[in-house]
Amino acid sequence: MRIDKLPIRGGGFRFLPIMTQEEYRAERNSLNDTGLCLACGVEADGCEPDMRKGKCDACGAADVYGLEELMVMGLIRWEDE
């Protein structure tokens, strides 16, 4: 998974994952339960797949989302394999 840094209105940035379908399937099938902090871009392990607004250990923001929740929300940028 790669992370894209996008500017947002009003200043600041939003971090979104970029991945292939194969990478997504591999992450879903792993035991890591990957999530992502949309505020700072740090990957978080041990997240429930449907986690929303979890607290980030790196920056303290309540902006950690589980990988499946990001997919449902349409926030994963898909890349060709």
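Numerical summary
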item: Descending principal axes extents, the chain, alpha-carbon based, whole Å; result: 35, 27, 19
item: Average Cα contact separation per residue, the chain, under 8 Å, 6 or more apart, as relative contact order %; result: 28
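We did not get these values from a lab; they are worked out from the coordinates using the rules stated. Quantities reported herein were computed from a predicted structural model and do not represent experimental measurements.
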